[in-house]
Amino acid sequence: MAILVLDGVTRVVEIPDAEPLHILRGVDLVVDAGEHVSIVGRSGSGKSTLLNILGLLDEPTGGSIRFDDVPVQRMSAAERDKRRGREVGFIFQQFNLLPGRTAAENVATPLLYAEPHRFWRRRRLALEMLDRVGLADRADWLPSRLSGGEQQRVAIARALVREPRVILADEPTGALDVETGQAVMGLLDGVARDSRAALVTITHDPHIAALADRRHRLDGGVLHPAEVEAVR
Ligand SMILES: Nc1ncnc2c1ncn2[C@@H]1O[C@H](COP(=O)(O)OP(=O)(O)O)[C@@H](O)[C@H]1O
Ligand SMILES: [Mg+2]
């Protein structure tokens, strides 16, 4: 079942005293529940712009996007915010953890705005998520005491704690060494599959892209199917 459907999505940015910038020129993409899709593309090709549109943070200037069969352009801003908060989890290259909060408090942050039955159980839910990413014994540590890979695992737990149906990862291994990056990405792929969430991963790394069920390359503002590159 399709959760996100993009049809001819364009994104044009008007720039004073210059030609408008056509970042996306007609992107078609269908993301089904529970599948893992990867997008590669060189720097500046519009990957983050596309991910922000998928996550309802930004709107297309043309074409359409449907979330659960509802046209996003017809949602009110409040409705979009509510859907994003409940259904979308983001993971970024920079882990963006709150430095003065423990791992468990960081993971519980999205639950501060959740329904009462989750709000009151937030510490328990955070501990369960930390356990799933192998960090049960780091629950009360501050981020500064954790390695880069551990910090990204905390960020993954935080992105998943509300059980979103879509997880969007923008270069999630970009700040990690190759080996740690592969381990973290394998973990993310596994927890996303276990929770039946759709996962869209943006990456430079063909090894990481190869974990996905379907691969795309963003080039010239259009998505193309990408071949599996030889993986050693
Ligand atoms: N709001 C904006 N105003 C002007 N230029 C932008 C804006 N957003 C993105 N860009 C430009 O559009 C291009 C694509 O950006 P981005 O989506 O961040 O690419 P990527 O993530 O693939 O590196 C870049 O050249 C970037 O500088
Ligand atoms: Mg980017």
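Nothing in this text is a laboratory measurement; each read-out follows from the coordinates by a stated rule. On a predicted model such as this, the values are computed, not experimentally measured, just so you know. Here the Cβ is made from the backbone with ideal geometry for all residues, glycine too, and neighbour counts use every protein chain on show.
Under a point-charge model restricted to the Cβ atoms of Lys and Arg (+1) and Asp and Glu (-1), what is the dipole moment magnitude of the range 87-156 relative to its Cα centre, in debye to the nearest 20? Write out the running numbers ahead of the final one.
Values: 10 positive and 8 negative charges, 24 e Å.
It comes to approximately 120 debye.
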Subject >> Cα gyration tensor shape of the range 42-119, rounded if a/c is under 1.5, else prolate or oblate by comparing a/b with b/c >> reply: oblate
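In whole percent, what relative contact order does the range 82-142 give with Cα contacts below 8 Å and a gap of six or more residues? Write down the numbers at each step before the final one.
Working: 42 pairs, mean separation 22.3, N = 61.
In percent, rounded to a whole number, it is 36.
Taking the Cα centre as origin and putting +1 on Lys and Arg beta-carbons and -1 on Asp and Glu beta-carbons, what dipole magnitude results for the chain, to the nearest 20 debye?
With Lys and Arg at +1 and Asp and Glu at -1, about 760 debye.
I need to check one value: relative contact order of the range 66-204, counting alpha carbon pairs closer than 8 Å and at least 6 residues apart, in percent.
29
When the dipole is taken about the Cα centre of the range 17-77, and only Lys, Arg (+1) and Asp, Glu (-1) are charged at their Cβ, what size is it in debye, to the nearest 20? Could you put the intermediate results ahead of the total?
Working: 5 positive and 9 negative charges, 25 e Å.
Using only the charged Cβ atoms, the result is roughly 120 debye.
When the Kirkwood radius is taken over all Cα pairs of the range 102-211, what Stokes-Einstein diffusion coefficient follows at 37 °C and 0.692 mPa s, in µm²/s? List each step's numbers first, then the result.
Values: Rh = 14.1 Å.
For the chosen part, D equals 232 µm²/s.
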Original post:
Hey, what do the phi angles of the range 36-51 turn into as Karplus ³J(HN,Hα) couplings, whole Hz, using 6.51/-1.76/1.60 and θ = phi - 60°, x for Gly and Pro?
Top reply: 10, 10, 10, 10, 10, x, 6, 4, x, 7, x, 5, 5, 4, 5, 5
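If contacts are Cα pairs under 8 angstrom and at least 6 residues apart, what is the relative contact order of the chain in percent? Mind showing how you got there, number by number?
Numbers: 454 pairs, mean separation 65.8, N = 232.
Taking the mean separation of contacting Cα pairs over the length of the chain, I get 28 percent.
When Rg is the radius of gyration of the Cα atoms in the range 136-201 and Rh is its Kirkwood radius, what does Rg/Rh come to? All intermediate terms of the calculation are to be shown ahead of the outcome.
On the way: Rg = 11.8 Å, Rh = 12.3 Å.
For the range 136-201, the value is 0.96.
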Original post:
Looking at THR201, ILE39, GLY63, which one has the Cα that reaches farthest to the positive end of the dipole of the chain (charges on Cβ: Lys, Arg +1; Asp, Glu -1)?
Top reply: THR201
Original post:
If the chain were replaced by its equivalent ellipsoid, with semi-axes equal to the square roots of 5 times the Cα gyration tensor eigenvalues, what would those be, largest first, whole Å?
Top reply: 29, 21, 16
**OP:** Could you please report the charge total around GLY149, scoring K, R as +1 and D, E as -1 over all other residues with beta-carbon less than 11 angstrom from its beta-carbon?
**Re:** -2
**OP:** Please turn the phi angles of the range 172-177 into ³J(HN,Hα) values with the Karplus equation 6.51 cos²θ - 1.76 cosθ + 1.60 (θ = phi - 60°), one per residue in order, whole Hz, x for glycine and proline.
**Re:** x, 10, x, 9, 10, 5
**OP:** For the range 182-232, just run the numbers: alpha carbon Rg, then divide by 2.2 N^0.38 Å, N being how many residues it has.
**Re:** 1.20
